[in-house]
Amino acid sequence: MVPFCKGTSCTVFDSVALPVFFVYSIEMKLYAKHQLVLTVVVVSILASVVTGIATSSYFKGKEASLPPTKTEVESQQQSASTQEPDMVPGPVVAAQERMVPGKEDSFLLQTAVRADPVYTADMVASYTQDELQNISVYEKCNEAVVNINTQVMAVNWFLEPVPQEGGSGSGSIIDRRGYVVTNVHVISDAYKIYISLSDGTQYEGRVVGTDAASDIAVLKFDPPAGVELKTIPFGDSDKLKVGQKLIAIGNPFGFERTMTTGIVSGLGRPIQSSTGTIIRNMVQTDTSINPGNSGGPLLDTAGRMIGINTMIYSTSGSSAGIGFAVPVNTARRVVSDLIQYGSVRRGVIQASYVQLTSSIASYARLGISRGLLVSEIQRGGNGEKAGMRAGTEAVQYGSRRNGRIIYLGGDIITAMDGISVGSLADYYSILESKRPGDTVRVTVYRDGKYQELQVTLAEE
(Lines give C-alpha, C1' and ligand atoms only; values in the text may rest on other atoms or scores of the structure.)
Protein backbone atom coordinates (compact mmCIF):
# COMPACT_ATOMS: atom_id res chain seq x y z
CA MET A 1 0.00 0.00 0.00
CA VAL A 2 1.27 3.54 -0.87
CA PRO A 3 0.04 6.51 1.34
CA PHE A 4 -0.51 9.91 -0.24
CA CYS A 5 -0.92 12.88 2.15
CA LYS A 6 -1.80 16.48 1.63
CA GLY A 7 -1.93 18.42 4.82
CA THR A 8 -3.59 16.29 7.41
CA SER A 9 -5.56 14.07 5.06
CA CYS A 10 -4.05 10.96 3.63
CA THR A 11 -5.26 8.65 0.87
CA VAL A 12 -3.98 5.13 0.50
CA PHE A 13 -3.52 3.69 -3.05
CA ASP A 14 -2.95 0.09 -3.97
CA SER A 15 0.57 -0.20 -5.39
CA VAL A 16 -0.59 -2.98 -7.68
CA ALA A 17 -2.96 -0.65 -9.47
CA LEU A 18 -0.41 2.13 -9.83
CA PRO A 19 2.53 2.06 -12.19
CA VAL A 20 6.02 2.28 -10.78
CA PHE A 21 6.69 5.70 -12.26
CA PHE A 22 3.67 7.08 -10.34
CA VAL A 23 4.78 5.49 -7.07
CA TYR A 24 8.19 6.99 -7.56
CA SER A 25 6.84 10.45 -8.36
CA ILE A 26 4.53 10.72 -5.35
CA GLU A 27 7.40 9.98 -3.09
CA MET A 28 9.34 12.93 -4.52
CA LYS A 29 6.72 15.60 -5.09
CA LEU A 30 3.28 16.80 -3.98
CA TYR A 31 0.59 17.32 -6.65
CA ALA A 32 -2.59 19.40 -6.88
CA LYS A 33 -5.89 17.58 -6.59
CA HIS A 34 -6.89 18.05 -10.25
CA GLN A 35 -3.49 16.78 -11.34
CA LEU A 36 -3.92 13.71 -9.24
CA VAL A 37 -7.35 12.93 -10.65
CA LEU A 38 -6.11 13.38 -14.23
CA THR A 39 -3.17 11.11 -13.58
CA VAL A 40 -5.38 8.40 -12.10
CA VAL A 41 -7.72 8.52 -15.11
CA VAL A 42 -4.81 8.21 -17.59
CA VAL A 43 -3.27 5.36 -15.67
CA SER A 44 -6.60 3.52 -15.52
CA ILE A 45 -7.03 3.84 -19.28
CA LEU A 46 -3.50 2.58 -19.90
CA ALA A 47 -4.02 -0.35 -17.54
CA SER A 48 -7.26 -1.29 -19.31
CA VAL A 49 -5.54 -1.22 -22.69
CA VAL A 50 -2.62 -3.37 -21.51
CA THR A 51 -5.00 -5.84 -19.86
CA GLY A 52 -7.09 -6.11 -23.05
CA ILE A 53 -4.08 -6.77 -25.21
CA ALA A 54 -2.79 -9.45 -22.84
CA THR A 55 -6.20 -11.14 -22.62
CA SER A 56 -6.62 -11.11 -26.40
CA SER A 57 -3.20 -12.69 -26.93
CA TYR A 58 -3.94 -15.36 -24.35
CA PHE A 59 -7.22 -16.48 -25.92
CA LYS A 60 -5.79 -16.40 -29.44
CA GLY A 61 -3.09 -18.78 -28.27
CA LYS A 62 -5.71 -21.06 -26.73
CA GLU A 63 -7.76 -21.05 -29.95
CA ALA A 64 -4.68 -21.96 -31.99
CA SER A 65 -4.03 -24.98 -29.80
CA LEU A 66 -7.61 -26.28 -30.12
CA PRO A 67 -8.49 -28.78 -32.89
CA PRO A 68 -10.32 -27.30 -35.90
CA THR A 69 -14.07 -27.47 -35.94
CA LYS A 70 -16.02 -29.65 -38.37
CA THR A 71 -16.88 -26.59 -40.45
CA GLU A 72 -13.22 -25.59 -40.65
CA VAL A 73 -12.19 -29.12 -41.66
CA GLU A 74 -14.82 -29.23 -44.42
CA SER A 75 -13.67 -25.83 -45.61
CA GLN A 76 -10.03 -26.99 -45.74
CA GLN A 77 -10.99 -30.18 -47.58
CA GLN A 78 -13.02 -28.24 -50.10
CA SER A 79 -10.09 -25.90 -50.63
CA ALA A 80 -7.72 -28.86 -51.10
CA SER A 81 -10.09 -30.54 -53.55
CA THR A 82 -9.96 -27.51 -55.77
CA GLN A 83 -6.22 -28.16 -56.28
CA GLU A 84 -6.16 -30.59 -59.18
CA PRO A 85 -3.73 -33.56 -58.73
CA ASP A 86 -1.18 -34.39 -61.40
CA MET A 87 -2.63 -37.84 -61.91
CA VAL A 88 -5.82 -39.66 -60.97
CA PRO A 89 -5.26 -43.44 -60.50
CA GLY A 90 -7.51 -45.61 -62.65
CA PRO A 91 -10.22 -47.68 -60.97
CA VAL A 92 -9.63 -51.36 -60.19
CA VAL A 93 -11.75 -53.53 -62.49
CA ALA A 94 -12.61 -57.01 -61.20
CA ALA A 95 -13.33 -59.71 -63.79
CA GLN A 96 -13.04 -63.39 -64.65
CA GLU A 97 -11.22 -64.89 -67.60
CA ARG A 98 -10.03 -68.26 -68.83
CA MET A 99 -6.35 -68.89 -68.39
CA VAL A 100 -6.24 -70.28 -71.93
CA PRO A 101 -8.71 -68.40 -74.17
CA GLY A 102 -11.20 -70.72 -75.85
CA LYS A 103 -10.36 -73.68 -73.59
CA GLU A 104 -13.29 -74.36 -71.30
CA ASP A 105 -11.26 -76.83 -69.26
CA SER A 106 -8.62 -74.22 -68.41
CA PHE A 107 -8.51 -72.49 -65.04
CA LEU A 108 -10.89 -69.57 -64.49
CA LEU A 109 -8.93 -66.60 -63.19
CA GLN A 110 -10.36 -63.99 -60.85
CA THR A 111 -8.56 -60.77 -61.78
CA ALA A 112 -8.47 -57.25 -60.37
CA VAL A 113 -6.67 -55.02 -62.86
CA ARG A 114 -6.13 -51.29 -62.36
CA ALA A 115 -7.26 -49.20 -65.30
CA ASP A 116 -4.97 -46.62 -66.92
CA PRO A 117 -4.50 -43.43 -64.87
CA VAL A 118 -5.91 -40.09 -66.02
CA TYR A 119 -3.42 -37.24 -66.43
CA THR A 120 -3.97 -33.51 -66.13
CA ALA A 121 -3.10 -31.11 -68.93
CA ASP A 122 -0.12 -29.83 -66.90
CA MET A 123 1.32 -33.33 -66.54
CA VAL A 124 0.78 -34.09 -70.22
CA ALA A 125 2.66 -30.91 -71.03
CA SER A 126 5.49 -31.76 -68.61
CA TYR A 127 6.35 -35.25 -69.90
CA THR A 128 6.94 -36.88 -73.25
CA GLN A 129 4.53 -39.47 -74.58
CA ASP A 130 7.09 -42.18 -73.94
CA GLU A 131 7.52 -41.08 -70.31
CA LEU A 132 3.76 -40.99 -69.74
CA GLN A 133 3.55 -44.50 -71.16
CA ASN A 134 6.18 -45.75 -68.72
CA ILE A 135 4.49 -44.00 -65.79
CA SER A 136 1.12 -45.46 -66.76
CA VAL A 137 2.43 -49.05 -66.91
CA TYR A 138 4.22 -48.70 -63.58
CA GLU A 139 1.19 -47.22 -61.81
CA LYS A 140 -0.99 -49.96 -63.27
CA CYS A 141 1.21 -52.97 -62.51
CA ASN A 142 3.73 -52.33 -59.73
CA GLU A 143 1.33 -53.27 -56.91
CA ALA A 144 0.93 -56.74 -58.46
CA VAL A 145 4.69 -57.47 -58.46
CA VAL A 146 5.92 -59.31 -55.37
CA ASN A 147 9.30 -60.00 -53.82
CA ILE A 148 10.01 -63.67 -53.07
CA ASN A 149 12.55 -64.76 -50.45
CA THR A 150 13.30 -68.32 -49.40
CA GLN A 151 14.89 -70.24 -46.58
CA VAL A 152 16.75 -73.47 -47.26
CA MET A 153 17.81 -76.24 -44.90
CA ALA A 154 21.52 -76.63 -44.25
CA VAL A 155 23.61 -78.77 -41.91
CA ASN A 156 25.80 -77.33 -39.17
CA TRP A 157 29.08 -78.68 -37.73
CA PHE A 158 27.12 -81.07 -35.53
CA LEU A 159 25.29 -82.47 -38.55
CA GLU A 160 22.06 -80.87 -37.35
CA PRO A 161 19.61 -79.37 -39.84
CA VAL A 162 19.45 -75.58 -39.57
CA PRO A 163 17.47 -73.13 -41.74
CA GLN A 164 19.39 -70.41 -43.51
CA GLU A 165 18.68 -67.68 -46.02
CA GLY A 166 18.16 -68.95 -49.56
CA GLY A 167 17.63 -67.15 -52.83
CA SER A 168 15.34 -64.32 -53.82
CA GLY A 169 13.44 -63.30 -56.90
CA SER A 170 10.26 -61.76 -58.21
CA GLY A 171 6.77 -62.89 -59.03
CA SER A 172 3.43 -61.68 -60.37
CA ILE A 173 0.02 -61.87 -58.72
CA ILE A 174 -2.29 -63.32 -61.38
CA ASP A 175 -5.39 -64.04 -59.30
CA ARG A 176 -6.86 -62.01 -56.46
CA ARG A 177 -7.15 -65.17 -54.36
CA GLY A 178 -3.38 -65.07 -53.93
CA TYR A 179 -1.95 -67.09 -56.85
CA VAL A 180 1.57 -66.00 -57.87
CA VAL A 181 3.60 -67.11 -60.90
CA THR A 182 7.40 -67.20 -60.78
CA ASN A 183 10.36 -69.37 -61.87
CA VAL A 184 11.18 -72.82 -60.53
CA HIS A 185 14.80 -71.88 -59.89
CA VAL A 186 13.70 -68.97 -57.65
CA ILE A 187 12.23 -71.41 -55.11
CA SER A 188 14.64 -74.29 -55.70
CA ASP A 189 15.33 -76.31 -52.51
CA ALA A 190 13.20 -73.89 -50.48
CA TYR A 191 12.28 -74.89 -46.94
CA LYS A 192 10.07 -71.81 -46.48
CA ILE A 193 8.85 -69.21 -48.96
CA TYR A 194 7.98 -65.62 -48.06
CA ILE A 195 6.02 -63.34 -50.36
CA SER A 196 6.28 -59.56 -49.78
CA LEU A 197 3.71 -57.17 -51.25
CA SER A 198 4.08 -53.54 -52.31
CA ASP A 199 2.65 -52.24 -49.02
CA GLY A 200 5.35 -54.02 -47.01
CA THR A 201 3.18 -56.87 -45.73
CA GLN A 202 4.67 -60.35 -45.89
CA TYR A 203 2.97 -63.72 -46.13
CA GLU A 204 4.23 -67.28 -46.08
CA GLY A 205 3.62 -68.94 -49.42
CA ARG A 206 3.21 -72.56 -50.44
CA VAL A 207 3.99 -74.34 -53.70
CA VAL A 208 0.95 -75.23 -55.83
CA GLY A 209 2.98 -76.86 -58.58
CA THR A 210 6.24 -76.66 -60.53
CA ASP A 211 7.23 -77.49 -64.10
CA ALA A 212 10.94 -77.87 -64.74
CA ALA A 213 10.42 -78.17 -68.50
CA SER A 214 9.30 -74.51 -68.70
CA ASP A 215 10.89 -73.25 -65.44
CA ILE A 216 7.49 -72.08 -64.22
CA ALA A 217 6.16 -72.40 -60.68
CA VAL A 218 2.87 -71.35 -59.09
CA LEU A 219 2.73 -70.24 -55.46
CA LYS A 220 -0.23 -69.42 -53.23
CA PHE A 221 -0.65 -67.20 -50.18
CA ASP A 222 -3.81 -66.38 -48.26
CA PRO A 223 -4.55 -62.65 -47.95
CA PRO A 224 -6.69 -61.58 -44.97
CA ALA A 225 -10.37 -60.89 -45.49
CA GLY A 226 -10.94 -57.44 -46.93
CA VAL A 227 -7.54 -57.20 -48.63
CA GLU A 228 -8.03 -56.47 -52.34
CA LEU A 229 -5.07 -57.75 -54.34
CA LYS A 230 -4.18 -56.20 -57.70
CA THR A 231 -3.33 -58.57 -60.56
CA ILE A 232 -1.41 -58.38 -63.82
CA PRO A 233 -3.39 -59.26 -66.96
CA PHE A 234 -2.08 -61.68 -69.58
CA GLY A 235 -1.22 -60.57 -73.10
CA ASP A 236 -0.52 -62.56 -76.28
CA SER A 237 3.13 -63.40 -76.95
CA ASP A 238 2.28 -64.71 -80.44
CA LYS A 239 1.64 -61.12 -81.54
CA LEU A 240 5.06 -59.81 -80.50
CA LYS A 241 7.30 -58.16 -83.10
CA VAL A 242 11.04 -57.57 -83.01
CA GLY A 243 11.60 -53.93 -82.09
CA GLN A 244 8.46 -53.70 -79.94
CA LYS A 245 8.94 -51.83 -76.65
CA LEU A 246 8.99 -53.92 -73.46
CA ILE A 247 9.00 -53.07 -69.75
CA ALA A 248 10.29 -55.21 -66.87
CA ILE A 249 9.39 -54.76 -63.20
CA GLY A 250 11.17 -56.78 -60.55
CA ASN A 251 13.48 -56.81 -57.54
CA PRO A 252 17.07 -56.83 -58.85
CA PHE A 253 19.61 -57.14 -56.03
CA GLY A 254 16.76 -56.60 -53.54
CA PHE A 255 15.71 -53.17 -54.89
CA GLU A 256 11.97 -53.73 -54.87
CA ARG A 257 9.73 -52.95 -57.85
CA THR A 258 12.49 -51.58 -60.08
CA MET A 259 11.37 -50.78 -63.62
CA THR A 260 13.57 -51.04 -66.73
CA THR A 261 12.72 -50.69 -70.40
CA GLY A 262 13.94 -52.20 -73.65
CA ILE A 263 12.72 -53.85 -76.83
CA VAL A 264 12.08 -57.29 -78.28
CA SER A 265 15.50 -58.30 -79.58
CA GLY A 266 14.51 -61.70 -80.95
CA LEU A 267 11.73 -64.30 -80.96
CA GLY A 268 11.53 -68.08 -80.95
CA ARG A 269 14.89 -68.60 -79.24
CA PRO A 270 15.54 -72.19 -78.04
CA ILE A 271 17.52 -71.76 -74.80
CA GLN A 272 18.94 -74.50 -72.62
CA SER A 273 18.23 -74.00 -68.92
CA SER A 274 20.62 -74.73 -66.06
CA THR A 275 18.98 -78.16 -65.70
CA GLY A 276 19.74 -79.04 -69.32
CA THR A 277 16.16 -78.64 -70.50
CA ILE A 278 15.64 -76.76 -73.74
CA ILE A 279 12.90 -74.14 -73.51
CA ARG A 280 11.61 -73.20 -76.94
CA ASN A 281 10.17 -69.93 -78.23
CA MET A 282 11.89 -67.78 -75.62
CA VAL A 283 11.54 -64.00 -75.97
CA GLN A 284 14.93 -62.27 -76.20
CA THR A 285 15.13 -58.70 -74.89
CA ASP A 286 17.72 -56.04 -74.13
CA THR A 287 15.67 -54.88 -71.15
CA SER A 288 18.00 -54.80 -68.14
CA ILE A 289 17.44 -58.05 -66.22
CA ASN A 290 19.63 -58.80 -63.21
CA PRO A 291 19.73 -61.34 -60.36
CA GLY A 292 16.46 -60.85 -58.49
CA ASN A 293 14.45 -60.11 -61.65
CA SER A 294 13.85 -63.82 -62.25
CA GLY A 295 10.17 -64.70 -62.12
CA GLY A 296 9.04 -61.11 -62.62
CA PRO A 297 6.80 -59.91 -65.46
CA LEU A 298 7.90 -58.70 -68.88
CA LEU A 299 5.20 -56.27 -70.01
CA ASP A 300 4.03 -54.57 -73.17
CA THR A 301 3.14 -50.88 -73.25
CA ALA A 302 -0.46 -51.66 -72.27
CA GLY A 303 0.68 -53.26 -69.02
CA ARG A 304 -0.05 -56.82 -70.13
CA MET A 305 2.30 -59.67 -69.26
CA ILE A 306 3.89 -61.11 -72.40
CA GLY A 307 6.64 -63.09 -70.70
CA ILE A 308 8.21 -64.25 -67.43
CA ASN A 309 11.81 -63.08 -66.99
CA THR A 310 13.89 -66.23 -66.61
CA MET A 311 17.57 -65.96 -67.49
CA ILE A 312 20.33 -63.77 -68.88
CA TYR A 313 23.36 -64.38 -71.03
CA SER A 314 26.31 -62.81 -69.25
CA THR A 315 29.97 -63.42 -68.49
CA SER A 316 29.83 -61.32 -65.31
CA GLY A 317 26.52 -62.39 -63.79
CA SER A 318 24.96 -58.97 -64.37
CA SER A 319 22.91 -57.70 -67.27
CA ALA A 320 24.73 -57.61 -70.59
CA GLY A 321 21.69 -56.64 -72.62
CA ILE A 322 20.75 -60.22 -73.49
CA GLY A 323 17.87 -61.55 -71.43
CA PHE A 324 15.28 -64.23 -72.03
CA ALA A 325 11.68 -64.66 -70.92
CA VAL A 326 9.30 -67.59 -71.12
CA PRO A 327 6.49 -66.50 -73.49
CA VAL A 328 3.19 -65.88 -71.74
CA ASN A 329 1.28 -68.22 -74.06
CA THR A 330 3.39 -71.07 -72.70
CA ALA A 331 2.81 -69.81 -69.16
CA ARG A 332 -0.97 -69.72 -69.68
CA ARG A 333 -1.19 -73.42 -70.40
CA VAL A 334 1.38 -74.48 -67.82
CA VAL A 335 -0.08 -72.37 -65.00
CA SER A 336 -3.62 -73.58 -65.73
CA ASP A 337 -2.53 -77.21 -65.37
CA LEU A 338 -0.43 -76.57 -62.28
CA ILE A 339 -3.33 -74.92 -60.45
CA GLN A 340 -5.84 -77.57 -61.46
CA TYR A 341 -3.74 -80.75 -61.37
CA GLY A 342 -0.48 -79.90 -59.61
CA SER A 343 1.47 -80.91 -62.72
CA VAL A 344 1.39 -80.28 -66.45
CA ARG A 345 -0.58 -82.68 -68.64
CA ARG A 346 1.52 -83.34 -71.71
CA GLY A 347 1.08 -85.83 -74.50
CA VAL A 348 3.71 -88.54 -74.94
CA ILE A 349 4.67 -91.35 -77.26
CA GLN A 350 4.74 -94.57 -75.25
CA ALA A 351 8.23 -95.75 -76.09
CA SER A 352 11.79 -95.57 -74.77
CA TYR A 353 14.63 -94.00 -76.73
CA VAL A 354 18.39 -93.81 -76.97
CA GLN A 355 20.09 -90.68 -78.24
CA LEU A 356 22.30 -91.60 -81.16
CA THR A 357 26.04 -91.09 -80.93
CA SER A 358 28.74 -91.66 -83.52
CA SER A 359 29.84 -94.83 -81.68
CA ILE A 360 26.34 -96.32 -81.71
CA ALA A 361 25.86 -95.36 -85.37
CA SER A 362 29.21 -96.92 -86.26
CA TYR A 363 28.57 -100.11 -84.29
CA ALA A 364 25.07 -100.60 -85.73
CA ARG A 365 26.21 -99.53 -89.22
CA LEU A 366 23.49 -96.94 -89.49
CA GLY A 367 23.28 -94.56 -92.39
CA ILE A 368 22.77 -91.56 -90.06
CA SER A 369 24.32 -90.50 -86.72
CA ARG A 370 21.76 -88.00 -85.44
CA GLY A 371 18.34 -88.74 -84.02
CA LEU A 372 16.56 -90.87 -81.41
CA LEU A 373 16.76 -94.65 -81.66
CA VAL A 374 13.48 -96.35 -80.69
CA SER A 375 14.73 -99.01 -78.29
CA GLU A 376 11.44 -100.34 -76.86
CA ILE A 377 7.72 -99.74 -77.41
CA GLN A 378 4.91 -100.25 -74.92
CA ARG A 379 2.67 -103.08 -76.06
CA GLY A 380 -0.70 -101.76 -77.20
CA GLY A 381 0.57 -98.20 -76.80
CA ASN A 382 0.10 -95.31 -79.21
CA GLY A 383 3.54 -95.85 -80.80
CA GLU A 384 2.76 -99.45 -81.68
CA LYS A 385 -0.67 -98.48 -83.00
CA ALA A 386 0.92 -95.88 -85.27
CA GLY A 387 3.25 -98.51 -86.79
CA MET A 388 6.44 -97.54 -85.01
CA ARG A 389 9.09 -100.30 -84.76
CA ALA A 390 11.28 -101.09 -81.77
CA GLY A 391 14.75 -102.63 -81.79
CA THR A 392 15.29 -106.39 -81.60
CA GLU A 393 19.06 -106.80 -81.05
CA ALA A 394 20.00 -106.47 -77.38
CA VAL A 395 23.43 -104.97 -76.64
CA GLN A 396 25.25 -103.66 -73.58
CA TYR A 397 25.54 -99.89 -73.72
CA GLY A 398 28.00 -98.08 -71.47
CA SER A 399 30.52 -99.46 -69.00
CA ARG A 400 30.12 -102.85 -67.39
CA ARG A 401 29.47 -101.24 -64.04
CA ASN A 402 27.00 -98.57 -65.14
CA GLY A 403 25.88 -99.95 -68.46
CA ARG A 404 22.38 -100.84 -69.58
CA ILE A 405 20.73 -102.96 -72.21
CA ILE A 406 19.48 -101.24 -75.34
CA TYR A 407 17.90 -102.70 -78.47
CA LEU A 408 19.19 -101.93 -81.94
CA GLY A 409 17.43 -102.28 -85.27
CA GLY A 410 14.39 -100.11 -84.57
CA ASP A 411 13.17 -96.84 -86.09
CA ILE A 412 15.21 -93.66 -85.69
CA ILE A 413 13.15 -90.50 -85.07
CA THR A 414 14.66 -87.58 -87.01
CA ALA A 415 11.85 -84.99 -86.90
CA MET A 416 8.48 -84.23 -85.35
CA ASP A 417 6.00 -81.86 -86.96
CA GLY A 418 8.78 -80.77 -89.29
CA ILE A 419 11.16 -79.83 -86.45
CA SER A 420 14.51 -81.61 -86.42
CA VAL A 421 15.11 -84.01 -83.52
CA GLY A 422 18.73 -84.67 -82.66
CA SER A 423 18.53 -85.20 -78.91
CA LEU A 424 16.18 -86.07 -76.08
CA ALA A 425 16.06 -82.36 -75.21
CA ASP A 426 14.72 -81.64 -78.71
CA TYR A 427 12.12 -84.38 -78.34
CA TYR A 428 10.79 -83.13 -74.99
CA SER A 429 10.82 -79.49 -76.00
CA ILE A 430 8.64 -80.28 -79.05
CA LEU A 431 6.16 -82.22 -76.92
CA GLU A 432 6.16 -79.49 -74.24
CA SER A 433 3.27 -77.71 -75.92
CA LYS A 434 1.36 -80.86 -76.89
CA ARG A 435 -1.68 -82.19 -75.07
CA PRO A 436 -2.97 -85.75 -74.77
CA GLY A 437 -5.07 -86.47 -77.85
CA ASP A 438 -3.04 -84.21 -80.15
CA THR A 439 -1.67 -85.79 -83.33
CA VAL A 440 1.97 -85.31 -84.34
CA ARG A 441 3.79 -86.14 -87.56
CA VAL A 442 6.80 -88.28 -86.72
CA THR A 443 9.52 -88.72 -89.34
CA VAL A 444 11.50 -91.95 -88.88
CA TYR A 445 14.51 -93.45 -90.63
CA ARG A 446 13.89 -97.13 -91.40
CA ASP A 447 15.81 -99.49 -93.67
CA GLY A 448 17.67 -96.62 -95.30
CA LYS A 449 14.52 -94.60 -96.05
CA TYR A 450 12.53 -91.85 -94.37
CA GLN A 451 8.88 -92.47 -93.50
CA GLU A 452 6.23 -90.38 -91.82
CA LEU A 453 3.91 -91.71 -89.13
CA GLN A 454 0.83 -90.10 -87.53
CA VAL A 455 0.89 -90.62 -83.76
CA THR A 456 -1.93 -89.65 -81.41
CA LEU A 457 -0.37 -88.63 -78.13
CA ALA A 458 -1.29 -90.40 -74.91
CA GLU A 459 -1.46 -89.19 -71.29
CA GLU A 460 1.95 -88.98 -69.67
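Values computed for the structure shown
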{"quantity": "Local electrostatic count, Arg177, Cβ distance below 9 Å [Lys/Arg +1, Asp/Glu -1]", "calculated": "0"}
{"quantity": "Rounded accessible area of Ile312 (nearest 10 Å², 1.4 Å probe)", "calculated": "50 Å²"}
{"quantity": "12 Å Cα-Cα reach of Lys449 towards aspartates and glutamates, excluding residues that sit fewer than 8 places from it in its own chain", "calculated": "Asp411"}
{"quantity": "Average accessible area per residue (Å²) across the stretch 91-150 - probe 1.4 Å, nucleic acids and ligands excluded", "calculated": "51 Å²"}
{"quantity": "Apportionment of accessible area to carbon and sulfur, the stretch 83-149, percent (1.4 Å)", "calculated": "51 percent"}
{"quantity": "Heavy-atom accessible area per residue - the stretch 308-397, 1.4 Å, Å²", "calculated": "46 Å²"}
{"quantity": "Relative contact order (%) - criterion: Cα under 8 Å, at least six apart; region: the stretch 366-460", "calculated": "27 percent"}
{"quantity": "Protein-only accessible surface order, largest first, of Tyr203, Tyr407 at 1.4 Å", "calculated": "Tyr407, Tyr203"}
{"quantity": "About the Cα centre, charge dipole magnitude for the stretch 169-321 (Lys/Arg +1, Asp/Glu -1 at Cβ), debye", "calculated": "240 debye"}
{"quantity": "Mean Cβ neighbour count within 10 Å, used as a protection proxy, ranking 331-338, 163-170, 448-455, 174-181 highest first", "calculated": "331-338, 174-181, 163-170, 448-455"}
{"quantity": "Percent accessible area from carbon and sulfur atoms, the stretch 207-253, protein chains only, probe 1.4 Å", "calculated": "53 percent"}
{"quantity": "For the stretch 251-371: rounded, prolate or oblate by the Cα gyration tensor [a/c cutoff 1.5]", "calculated": "prolate"}
{"quantity": "Contact order relative to length of the stretch 124-197, as percent, for alpha carbon pairs under 8 angstrom and 6 or more apart", "calculated": "34 percent"}
{"quantity": "Sequence of Phe234, Phe253 when ordered by accessible area, the most exposed leading, probe 1.4 angstrom", "calculated": "Phe253, Phe234"}
{"quantity": "Charge-dipole axis of the stretch 392-460 as Lys and Arg at +1 and Asp and Glu at -1 on Cβ define it, positive-most pick from Gln396, Tyr450, Ala425", "calculated": "Gln396"}
{"quantity": "Cross-link pairs Lys140/Lys239; Lys245/Lys434; Lys192/Lys245; Lys103/Lys220 - those with Cα-Cα distance over 25 Å", "calculated": "Lys245/Lys434; Lys192/Lys245"}
{"quantity": "Amide H within-cut-off set for Val421, under 5 Å, with H built and near neighbours excluded", "calculated": "Ala415, Met416"}
{"quantity": "Å² of accessible area per residue within the stretch 174-254, as computed with a 1.4 Å probe and no ligands counted", "calculated": "42 Å²"}
{"quantity": "Heavy-atom accessible area order for Ser198, Ser214, largest first, 1.4 Å probe", "calculated": "Ser198, Ser214"}
{"quantity": "Coarse-grained scattering of the stretch 337-458 at q = 0.16 Å⁻¹, given as base-10 log I(q)/I(0) from a Debye sum over alpha-carbon atoms", "calculated": "-0.77"}
{"quantity": "Straight-distance crosslink candidates among aspartates and glutamates, where the alpha carbon sits under 16 Å from Lys230 and sequence neighbours closer than 8 are dropped", "calculated": "Glu97, Asp116, Glu139, Glu143, Asp175, Asp199, Asp222"}
{"quantity": "Overall form of the stretch 241-293 per C-alpha gyration tensor (a/c, 1.5; a/b vs b/c)", "calculated": "oblate"}
{"quantity": "Area accessible to solvent at Leu424, 1.4 Å probe radius, in Å²", "calculated": "60 Å²"}
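The values are calculated or read from the model by the stated rules, or taken from the named source; none is laboratory data. None of these values were measured; they are calculated from a predicted model. In this analysis, Cβ positions are derived from the backbone assuming ideal geometry, glycine residues included, and neighbour counts consider all displayed protein chains. These area figures cover heavy atoms from the full protein model, side chains too; ligands, DNA and RNA do not enter into them. Shrake-Rupley method; radii C 1.70, N 1.55, O 1.52, S 1.80 Å.
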